[in-house]
């Protein structure tokens, strides 16, 4: 079982337009992340309408994975949720959605975060088991959050993405009583028997965890 998206070296992949990322604006971005996500809920990878009430995270857009790409469950009753696993797609947002909706791929993630504006798509309900970690033990007990971009390019990891993802992770951890530390908020590469390298050396863990804790404080 593989992770949510193929992970290559990224050579020759398209790059986003240059963006100015201001670290000092992190707190402001966090404060507006929920509003941005809610407004983006009417937009989509394919121009669909507003999300139904089925989403677990307010403001997320429902972009359902094919049922062949995850397992229905009754978490946390059937399996306690102990981890958040961070991924990077090696694909554009729309292409990642297409992978999750292709029944032949046998892979998915619970959430997908867009680079340009931090828009969040939910592809699998938190109660269900997405196939994202490449290890059934982690799949059963984790929430998978994948981020649009390529591991070899910092340009994809925008402040908008970090802030929106951090607010999402803080909310997931609050819902499931997951500690806000690196023992429980993991990169895909840290999963036992992992063969993938994402989110890679360009993912700023110190900054991300700082934003997660800030978002938790604001709740």
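Worth a mention:
- Per the Debye calculation on segment 109-165 with a single equal scatterer at every Cα and no solvent contribution, log₁₀ I(q)/I(0) for q = 0.13, 0.28 Å⁻¹ amounts to -0.35, -1.01.
- Pairs of alpha carbons in segment 125-208 separated by more than 15 Å make up 61% of all such pairs.
- Contact order normalised by residue count of segment 66-145, Cα under 8 Å, 6+ apart, percent: 42 percent
- Estimated FRET transfer efficiency when R0 is 30 angstrom, pair residue 216-residue 71 (beta carbons, to 0.05): 0.55
- Modelled spin labels at residue 153 and residue 190, positioned 7 Å past Cα toward Cβ, are 2.6 nm from each other.
- Rg and Dmax of segment 74-151, based on Cα coordinates, read 12.1, 36 Å.
- Coarse-grained scattering of segment 62-219 at q = 0.15, 0.16, 0.17, 0.19 Å⁻¹, given as base-10 log I(q)/I(0) from a Debye sum over alpha-carbon atoms: -0.71, -0.82, -0.94, -1.22
None of the figures in this text is laboratory data; all of them are computed from the coordinates on show. Predicted, not measured: the structure shown is a model, and the values here were computed from it. Don't worry about glycine lacking a Cβ; one is built from the backbone with ideal geometry, like all the others, and counts go over all protein chains shown.
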